[in-house]
Every structure is written in structure tokens, then in C-alpha cells.
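The values are calculated or read from the model by the stated rules, or taken from the named source; none is laboratory data. In this text the structure is predicted, and so the values were computed from the model without any measurement. Positions of Cβ are backbone-derived with ideal geometry, glycine not excepted, and every protein chain shown enters the neighbour counts.
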Amino acid sequence: MKQRVIVIGNGMVGYKFCERLVAKDTDQRYQIITFCEEPRPAYDRVHLSEYFSGKAAEDLAMAKFEWYEENGVELHINEKAISIDRENKTVTTASGKKVPYDKLVMATGSSAFVPPVPGIEKEGVFVYRTIEDLDDIKAYAQKSKTCAIIGGGLLGLEAAKAAQDLGMKTHVVEFAPRLMPRQLDTAAGLLLKDIIEERDISVHLNKATKNIAGEGAVTAMEFSDDTQLEVDMIIVSAGIRPRDELAKEAGLNIGERGGIDVDSYMLTSDPDIFAIGECALYNGMIYGLVAPGYQMADTVSDLLLGKEASFEGSDMSTKLKLIGTDVASFGAIEAPEGSNAREIVINDPHAKLFKKIVISEDGKKLLGGILVGDASAYGGLLQMYQNEMVLPPEPIQLILPASDGAPAMGAGDIPDSAQICSCEAVSKGTICSAIDDGCSTIGELKACTKAGTGCGGCVPLMTDIFKARMKENGVVVSNRICEHFDHSRQDLYQIVRSTGIQTFDELIKKHGTGLGCEICKPAVGSILASTWNKPILENAPLQDTNDAFLANIQQDGTYSVIPRIPGGEITPDKLIVIGEVAKKYNLYMKLTGGQRIDLLGARAHQLPLIWKELIDAGFESGHAYGKALRTVKSCVGSTWCRFGVQDSTTLAIDIEKRYRGIRSPHKLKSAVSGCARECAEARSKDFGIIATEKGWNLYVCGNGGLTPRHADLFATDIDRETLIKYIDRFLMYYIKTADRLERTSTWMTKLEGGLEHLQDVVINDSLGIAEELEAQMQHLINTYECEWANAINDPQKLKRFKAFANSDDVDDTVEFVKVRDQICPAKLNETADEDALAKT
Amino acid sequence: MITESTWTCIGDCKDFPLNLGTCVKVNDLQIAVFNLPTDGKWYAVQNYNPINQRMVLSRGIVGDENGIPYVACPLHKHHYSLETGICLTDPNYSLQTFPIKEVEGKLMLSV
Ligand code: SRM
Ligand SMILES: Cc1cc2nc3c(=O)[nH]c(=O)nc-3n(C[C@H](O)[C@H](O)[C@H](O)COP(=O)(O)OP(=O)(O)OC[C@H]3O[C@@H](n4cnc5c(N)ncnc54)[C@H](O)[C@@H]3O)c2cc1C
Ligand code: SF4
Ligand code: FES
């Protein structure tokens, strides 16, 4: 007869316990029954916020329903356990089931702590813990403009980011005199406050809320210092409260301030009942993190199988990205009182960087640390701390900004026994053997070792180890593009070029399977365009979202129109035309960050009409929708500027015209500045040019965006002809060898040999392909055609822009409101607003 | 041409290009029609994406995932099975699907 284990709570830790026991219980000694109060099986709460950024509930699931079925785990969702009869060893559930157990595991987690402030029960007050909470927040946010978060801890700041992303003006209200009081010291807390306020989230410290005002729904918060804050909505994130109600009622020992008392075997005061995760109180401590919870789950699963195991506490090290900023802390965040330990601190409020390490008096051991602004050193430091490694003679080296290259500690320095993933207790040795046994992607490595599947904090270090090991093993990393092709983008490019294949159908028939998808189709569409340069709508089914309509889709399904304005230079007459067109079609108008003009709010059927007028006035497509050359920004240069040493405007215009329309793995941006003052910001571009007394300096592989990077100096004082030749070769080599959606900077840093290799190929023609690259580029330049001009003259292509194939009606579901005298998309609940414009 | 009373003719098959979605309007309902080179060949689902609440699905790119043909929302890439209407990226959502067939070169839709 199998022994029956009941697990109450199917959260992250409850699930992990099931997973561990199933994996280890090879003799099938146990039958697992688990009760789950929520309407879905366990999901990844750590990444809950990604639910707002587009992850579906299913993507967050820890395991699919089938997993429970296949492994004989009896899962009851929507089923709350309401009492435990310890004498007869049964659990009773809300629906009246009475189920016997031999062993019971409490994994009831915790709930958000809601302080008993008067008015807290009002409509518009939420907590941030479950998927349902997020659904409620999202719905309420639609009618709210401002939101306050009560609590400036780790979860509060995460909630603040989410509230801001939902479009609300966001405030964080913290009782303590600093943010994240548990993880940061005063100086680090202050810096974090600065960073967060810079991102337009207001932070109020030392504030105790004494009342929440409003008739029925929240309208304001009132504080003990008699100030108040008007808000439409509140998210409470003031800490967690262990869910010990069931255990308490069953008479188990409960800590003074809550939590089910356990010993190092995770046993409660009943020898048949364990408690793990956030409901368990070990040594006076509730661990509000997944890693310790997983260790507890591991311990209990071992004990049940008669193995020796115990939980000896865990450290509270954390690394997070909060509101776009790295924050990490581990071990002692301050020198323990009376210890003679030392603190080394780098505090640079200007660069928004704070790094601190606490070291032993003899300077040999790392006791803890804090990183704000740049936590790239975290993985290495944590290894040193956990493995008690001996520090280098100048410990400050460990936290000095890595401007001069090498990180303080590489993957190679870490001993095999070191634990890399603390959530899943995976060592470097285990990771390396999994790679040796055939794991060839980070995804496979995660699936096989489970490392990186908890809080995710170890993934960067794991990736470094992966790369280093693969290289040691002499393996080329597989970069198959998707399930339809067993080839990388680079291979597909070569296949298309060498076979002369002109269509996706032929390519997938000969070299792939299935219908294709939104990964391979646009990639092949781009390759076909970079090779044969036909107007992209000739391959309409391959074009994704924006390319499919030669315009950028907006959140309400309307489109934007950006005509090309080479170098940002425009005559008054042309400017007037743009204004007139915008007026005629009632479009929203704005200057872009790329020195041109965006017209927004066009319905698909209007696009050809608008473009006809623009083209008649001499404009052409600006390819703002394509992975193609965007803009070449310019400054006024020697033509006007008293400092200019070359004619930067003319060069910018010529370059923009030369490369316009060329499709590439990702978008391409450029700029030309007339002197070293760099008004055109050329060093933030994929290729940027800066005038010198003697000619031009070429910089490559810079970008703004998500991971900004300054471009590297590639060639100095070259003349115009050489400059163009180098850029031709550079761009074509990029098109030929980069991965899909890889900007030039990522491409270059991944290239074996990096910048030097690139200089070798482009300047010294080390591969003997320079001539070929130039010829291929010349072909693209010669075959350029404005794709909008092509489209408006082709009735077949124009059909795609009609709202309905079977009627001449226009889509009347789009509505606008007026903001600062221009149209803007109506938010979903705004359509009845008195501001709503007549449908245009 | 109309053989059964519930079927509406929405045009000539040749006006619905292969591997693309096309929007039609029947009794004020926006319906996205897809022409794929699979066995069923024609698919019709609501044009409205219930997740972002926009009328956009006919403008999505089509593909298949483990053999299931789907449309990806052009705004946020939710995948919907064209056969069942179920959202493959979040099964809490699904689309209404409509019977569709070809009769002598005309496309017929039942709403
Ligand atoms: C319109 C504009 C914002 C504005 O109002 O100023 C804009 C709007 C969009 N940007 Fe941008 N970006 C605009 C300048 C920029 C700039 C500034 C610049 O070019 O000098 C940057 C940083 C510089 C850079 O790219 O290195 C920029 C970095 C991004 C990124 C991040 C790229 C990266 O490598 O991290 C994306 C996302 C992407 O491409 O994947 C993006 C994507 C987008 C998209 C295309 C999103 C989309 O797919 O719909 C937005 C299209 C809206 C539309 O319909 O026009 N946009 N975007 C600017 C258009 C410039 C133009 O004239 O074409
Ligand atoms: C937004 C957010 C971000 C976070 N970020 C991080 C992070 O970056 N790093 C980190 O380490 N940790 C993070 N955490 C904390 C982490 O999610 C928790 O430590 C972890 O989920 C605890 O797991 P658990 O199983 O103990 O509790 P839970 O995941 O809360 O699961 C408990 C489950 O038991 C159920 N339950 C309770 N009582 C009963 C009953 N009587 N009958 C049936 N079911 C019951 C509950 O409904 C719940 O589903 C974050 C948490 C949140 C909310
Ligand atoms: S970059 Fe130099 S030349 Fe160009 S505008 Fe600025 S100061 Fe003048
Ligand atoms: S340390 Fe949390 S996932 Fe590896």
C-alpha cells in the first residue's frame, strides 16, 4: 500500500515539493494529493509582473495539467482545505471532501499584509500577489490616473513599475526613512530613491498613512503629518503575513508574530506534519524568497524517503531589476556591530552607481555587499561569499567599474563544487556535465538541470559558464531559427544567395517543413529583400505587423506615416504639404526622435490616399516600419556652424539616399556631425561619422534603445570615397552574417575577434570578399524603388488596404479623443467621454 | 448561387490571397478570413482580439505551431488556433469560428 502525502497549497514551493518527491520516489512509495485554493495550478509568482507585459497565465505555469496526470499526482484546483483532524489524520475541504493522510505538508504560503488603516476596505485598494489580483488591478487602472503603492520594499517597487506601465502617475509611500530597508543601507537607499524619481515615480519616505479617504472608492490618502495625497487607486505591499490559520486551528505551534513553527527537519509540533515555504517559521524567521522554500521542499522530500537531510537556514541574497535598475544585496549589508569588519564603498550619485562590499578585518573574506545601478559583479561576488573564497589583495578591484575590460572574476575561476543556482542547488560541476552530455542551448540546460528556473538570478552566470564550456568543448552553438527550419539565419541567407531561390514557398519546401511562423517568415522576407530587392509587398504573406502595411501599427490598430526627410533637411513648401495632409486626414502630428515628422492615427484604408498626396509632393517612404535604414541625422555643419569643419548635412543626405530602403537583420541608424562637438549624436548609431580637419572619422556598432552603447572608432581621417567604401562593406557583411533582429553592436560583440576582425575584413579585406560585398551593395542601390510609390500604382496591392473585402464601409470601431488640440487613441473605456470626437 | 439560407456569399475566392488574412463584414460582424494551403484551406474567425480588445486579427501573420495553423495578433503576438479558435498562448481566451466553404469559385460563410 502506498503511503498518502497530502500537500495543502499548490504554490511555488508546494509544487516544487511534488516535483522533487516524484523525481526521487523511484519505488513509488508515496501517493501525492494536493489541494490548491487558486483556480489554476502553481505558477511562477516571481515573474508575476510579466503577466502585464504580455505573458499569458499559461506561460507562467510551473507545470502543465498533464504533468500532474502523468506523474499520478492528484491535483484538486479551486479546492481549499478548511480543517485538519490530527487525531484521525484527515483533511476536510471546502466542498466537503474528507481525505485521509499518512503525512501532511503545509505549503500554504503567505498573503499580503494589509495594515488596519481606516478606509483600507474601500473600492480601489488592491494587493499584488495572484494572477486574479493583477486582473483586478488592470481593470481598475483603466479608469485611474494616479496610483499609490503602500510599501517601498522589493515587491512595492515592482508593483510601482507595473502601475506606471499601466499608464498611471505613480507614488511610492514608505513608512521607513529609506527604500528597501531590509536590503539596502542609507546611502544605497537614497541613491535608489533618486533613480526612481528620475523615472517619474514619486517617493514619499517617513510617511504613515492614517486614513484612506473617499466615498465608497478611494480618492486620497491622509498621513499622520497631516499632509495628503490624492490618488485614484492604491496597491498595498507592506509585507507578507504567513497563512497559518489552518495550522493554528489544528493546534500546531505558531510563532508569536505568525508562521508555523518548524525545526530543521521542517517538522511542526506534530511529527506527521511538515511546513515549508512562506508559511514556515524557522529559527524565528520567515523566508520571503523562493530559494529557501525550494531548499525546504528538497529537505522534506529526502526525509520522506528515509534519506538524511536538514535545512540549516539560508541567506537572503537577492538580485533584481527594479524599474530598470539593477539592485542586489547579499550577506551582511553593514559591518556587524563591534566586529572590526570593513566596508569598501563606491558611491557615485552622478553616474547613479553604488557598490559596497563588507570584508573581514584581515581583508581575506567577503561578508556581504550591496550593488545599485550595476549588478554585473553580483554573480562573482556571491560565489566568493558563499564559497568563502580568499579575496584578491586589492578587494576594491572587485567592484571597480569594468571600463578596462575583464570582469573581476570569469566563469573559469569558479570551482566545480561552487553552487551556481541556489534555488535549485545546482553546482557548476553539474552544469558542466550536462553541457558535456549534450545540452546545447540555455533552454535545454535549464530543462535538464533545473538551474535558472527559480528566481532567475543565476542565469547570467550560467550563460557565461555555458559559453565558456561550449568553447572549451569546441562546439558551435546551435542557432536553428525556429521549428520550421533546421538552419540559422546566416545559413538561410547563404542558401538563398547561392541557390537563387526567390520565394518562401520554394525555400520551405526544399529546406524546411510546415507553413512557417512569425519568426521564420519575416526573417526570410528580409533575406529575400536584402538579396533580390523586390518591393516587399510582392511577398506580402511574409511581412509581419508593420511591414505588412508599410506603416507602424499603433495600439488601437491605426497606423503612422513617416515620410523620409533625408538628413532632417526640409523646405518650407514640403513642410506645408505635410501639415496640409495631416489636417485633411485629421492626423496627430509629432516630431520624431530621428529628425523627421510622424503622422499618426491613419486607418489602413487611408494609407494609400495619404501616401499618394505625399508622393505627388516629392516625398518617399521613410521605412520607419522596416528593419531597414531609418534616419541619418545631421547637424548644420560647416555650412552654417561657426565650429564646423566639414559639410555634415550634405554627407548625411547623400548617405541616407544611398542606403535608403535596404533591408537588414535589424534596423540601421546613422548620423553625421560636423565636428567633435557631435551635435548629431553619431556615436549612438550603428554607423556614425564625425568630421575632422582632415576628413572623416567612422564609428561603428553603437545604438541607443534598450542597451545603449557608444560606437567604436573604426577608421580615422579618411576621405569621402574611402568612407563610402568602408560603409558599403560593413553593412553588407552585417547583412550576410548577423542573426535575425540583432543590432550591429550585438553582432560585433559576438563576432569572433570583435572589432579587430571587422576592421580586418572591411579595411584589409582579410577574407577576400570586399569586392563581392561592394558589388552586392551596388546592386541594392541600383534597384531601389520607393515601396509606397510601387504600392499605390498596383491595384492588387491596394486591395489589402481596404477595410473589408466585401464592402466599401470603413472600420467604424476606431475612436479618438482630443488631447492638446490633436487626436489621440481613445482608451478602451473612454469612448463615451464627452471629449470623444465624432468618428472620422 | 446561395444554396442554403444561412450561408452568405462574401465574394470570389480569388479575391482572398493565399497565406493571408482578409477582413469581411457580415451583418455588422467583422470576420477575419484566412486562405491557407492546409487541408481545410479556408478558415473564418472573429476579427476582434478579446485580449487587447482590438479589431486586428485579419491583419496578423499566419503560421503553424506543432502542425496547428494559427494567426498571431499583429499587436502582441497572441496565437489563436484557426481550427478551434482557442488561444494557444492563453487558453483562457478563445475566438468564435465560423463555417466557411467554397462553392463554384465563390466563398460562402455561415454566421
Ligand atoms: C516615432 C519614434 C518616437 C518619436 O516619437 O520620436 C519611434 C517610435 C517607435 N520606435 Fe523607436 N522611435 C523613434 C526613435 C527611436 C530612437 C532615437 C533615434 O533613432 O535617434 C531610438 C534609440 C536609438 C536606437 O535605435 O539605437 C529608438 C529605439 C527603439 C527601439 C530599441 C532598439 C534597440 O536596439 O534596443 C525599438 C524596438 C525595436 O526596434 O525592436 C523601437 C521601436 C519603435 C516602434 C517602431 C515600435 C513599433 O514597432 O511600433 C515605434 C513606432 C511608432 C510609430 O508608429 O512611429 N525604437 N527609437 C521615433 C522615430 C524616429 C524616426 O524618425 O524614424
Ligand atoms: C510580485 C512578486 C514578486 C516576487 N519576486 C520574487 C523574487 O524576485 N525572488 C524571490 O526569491 N521571491 C520573490 N517573490 C516571493 C515568492 O513568490 C514566494 O517566496 C513564493 O511564491 C513562496 O512560495 P509558497 O509556495 O510558499 O507560497 P505561495 O506561492 O503563496 O503558494 C501558496 C499557495 O497555497 C494556497 N493555499 C493557502 N491556503 C490554502 C488552503 N487552506 N487550501 C488550499 N490552498 C491553500 C494559496 O492560495 C497559494 O496558491 C515574489 C512574490 C511576489 C508576489
Ligand atoms: S557638431 Fe560641430 S559642426 Fe555640427 S553643429 Fe555641433 S558644433 Fe556645429
Ligand atoms: S538562483 Fe534562483 S534560479 Fe538559480
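Taking the stretch A:706-750 as the range and being more than 22 Å from A:Ile495 (Cα to Cα) and of a type in the set (A, V, I, L, M, F, W, C) as the test, the residues that pass are A:Leu706, A:Ala711, A:Leu713, A:Phe714, A:Ala715, A:Ile718, A:Leu723, A:Ile724, A:Ile727, A:Met748.
Restricting attention to the stretch A:153-211, the residues that are buried (at least 19 other Cβ atoms within 10 Å of the Cβ), closer than 16 Å to A:Met233 by Cα and modelled with pLDDT under 90 total 0. Residues that are on the phi < 0 side of the Ramachandran plot, within 16 Å of ligand 4 (Cβ to nearest atom) and without any contact (Cβ under 8 Å) to a residue 60 or more places away in the chain occur at least once in the stretch A:465-475. Scanning the stretch B:37-61 for residues that are facing chain A (nearest Cβ under 7 Å) and surrounded by 20 or more Cβ atoms within 10 Å (Cβ to Cβ) turns up B:Arg54, B:Met55, B:Val56, B:Arg59, B:Ile61. Taking the stretch B:18-27 as the region of interest, how many residues are touching a residue at least 40 places away in the same chain (Cβ under 8 Å) and either of a type in the set (D, E, K, R) or more than 7 Å from chain A (Cβ to nearest Cβ) (or both)? Number of matching residues: 3. Taking the criterion of being touching a Lys or Arg at 6+ places or on another chain (Cβ under 9 Å) and closer than 19 Å to A:Ser745 by Cα, the residues of the stretch A:649-679 that qualify are A:Arg663, A:Ser664, A:Pro665, A:His666, A:Lys667, A:Leu668, A:Lys669, A:Ser670, A:Ala671, A:Val672.
When each of A:Leu713, A:Leu767, A:Leu698, A:Leu723 is tested for being more than 30 Å from A:Asp544 (Cβ to Cβ) and within 16 Å of ligand 3 (Cβ to nearest atom), the lone residue that passes is A:Leu698. Each residue in the stretch B:62-77 was checked for being more than 8 Å from chain A (Cβ to nearest Cβ) and among the acidic types (Asp, Glu), and 0 pass. Scan the stretch A:779-818 for residues that are more than 9 Å from chain B (Cβ to nearest Cβ) and either in contact with a Leu (Cβ under 7 Å, 6 or more places away or on another chain) or part of a helix (DSSP H, G or I) (or both) and the total you get is 17.
Note on the stretch A:667-694: among residues that are of a type in the set (Lys, Arg) and farther than 10 Å from A:Lys633 by Cα, the one that is farthest from ligand 1 (Cβ to nearest atom) is A:Lys694.
Looking across the stretch A:559-579 at every residue that is out of contact with any helix residue (DSSP H, G or I) (no Cβ under 8 Å at 6 or more places or on another chain) and farther than 25 Å from A:Val672 by Cβ, the one that is farthest from ligand 2 (Cβ to nearest atom) is identified as A:Ile576. What pairs come up if the first residue lies in the stretch A:492-508 and is touching a residue at least 40 places away in the same chain (Cβ under 8 Å), the second is aliphatic (A, V, I, L, M), and their beta carbons are under 9 Å apart, counting only those six or more places apart or on different chains? Close Cβ pairs satisfying both conditions: A:Tyr493/A:Ile527; A:Tyr493/A:Ile735. Scoring A:Thr545 on the criteria (1) part of a loop (DSSP other than H, G, I, E, B); (2) more than 12 Å from chain B (Cβ to nearest Cβ); (3) of a type in the set (S, T, N, Q); (4) over 24 Å from A:Ile653 (Cβ atoms) leaves a single failure, condition (2).
Applying a threshold of 9 Å to beta carbon distances and a minimum spacing of six or more residues, or different chains, the list of pairs starting in the stretch A:682-706 at a residue that is modelled with pLDDT of 95 or more and ending at one that is basic (Lys, Arg) and more than 16 Å from ligand 1 (Cβ to nearest atom) reads A:Gly695/A:Arg720; A:Trp696/A:Arg720.
When we screen A:Asp348, A:Asp298 for residues that are away from ligand 4 (no atom under 16 Å from the Cβ) and charged (D, E, K, R), the only hit is A:Asp348. One residue stands out in the stretch A:560-575 among those that are assigned to a helix (DSSP H, G or I) and within 22 Å of A:Leu609 (Cα to Cα): the one that is farthest from ligand 1 (Cβ to nearest atom), namely A:Asp573.
Counting only strands (runs of 3 or more DSSP E) that sit completely within the stretch B:16-111, those holding 3 or more residues that are more than 26 Å from A:Gly54 (Cβ to Cβ) correspond to B:21-26, B:29-35, B:100-103, B:106-110. Taking the stretch A:256-331 as the region of interest, the strands (runs of 3 or more DSSP E) fully inside it that hold 1 or more residues being in contact (Cβ under 8 Å) with a residue 12 or more places away in the chain and over 28 Å from A:Glu87 (Cβ atoms) are A:318-322, A:325-331. Taking the conditions exactly as written (facing chain A (nearest Cβ under 8 Å), within 23 Å of B:Met108 (Cα to Cα), surrounded by fewer than 22 Cβ atoms within 10 Å (Cβ to Cβ) and polar (S, T, N, Q)), does B:Gln30 satisfy them or not? Here the answer is yes, as B:Gln30 does meet what is asked. Only one entry of A:Val127, A:Val99 meets the criterion of being in contact with a helix residue (DSSP H, G or I) (Cβ under 6 Å, 6 or more places away or on another chain) and of a type outside the set (S, T, N, Q), and that entry is A:Val127. Filtering the stretch A:576-586 to residues that are more than 36 Å from the chain's Cα centre (by Cα) and not in a loop (DSSP other than H, G, I, E, B) leaves A:Ile576, A:Val577, A:Ile578, A:Gly579, A:Glu580, A:Val581, A:Lys583, A:Lys584. You will find that of A:Ala628, A:Ala582, A:Ala602, the residue that is among the hydrophobic types (A, V, I, L, M, F, W, C), under 25 Å from A:Leu731 (Cβ atoms) and either more than 16 Å from ligand 2 (Cβ to nearest atom) or surrounded by 23 or more Cβ atoms within 10 Å (Cβ to Cβ) (or both) is A:Ala628 and no other.
Contact map, the stretch A:661-675: residues that are within 14 Å of chain B (Cβ to nearest Cβ) paired with residues that are within 16 Å of ligand 2 (Cβ to nearest atom), Cβ distance under 9 Å, separation 6+ or inter-chain. No pairs are found.
Reported count of residues in the stretch A:631-652, each being within 30 Å of A:Ile536 (Cα to Cα), of a type in the set (Val, Ile, Thr) and away from ligand 1 (no atom under 15 Å from the Cβ), is 2. Looking at A:Arg489, A:Arg480, just one residue is within 26 Å of B:Pro37 (Cβ to Cβ) and free of Cβ contacts under 8 Å to residues at least 24 places away in the same chain, and that residue is A:Arg480. Regarding the stretch A:724-743, can at least one residue be identified that is without any contact (Cβ under 8 Å) to a residue 12 or more places away in the chain and hydrophobic (A, V, I, L, M, F, W, C)? Checked the stretch A:724-743: no residue is without any contact (Cβ under 8 Å) to a residue 12 or more places away in the chain and hydrophobic (A, V, I, L, M, F, W, C).
For the stretch B:66-101, the tally of residues that are closer than 14 Å to B:Asn47 by Cα, surrounded by 20 or more Cβ atoms within 10 Å (Cβ to Cβ) and hydroxyl-bearing (Ser, Thr, Tyr) stands at 3. Taking the conditions (1) away from chain A (no Cβ under 11 Å); (2) at positive phi in turn, B:Tyr80 satisfies each one other than (2). Meeting the requirement of 1 or more residues that are closer than 21 Å to A:Leu798 by Cβ and aliphatic (A, V, I, L, M), the strands (runs of 3 or more DSSP E) wholly within the stretch A:587-653 are A:597-602.
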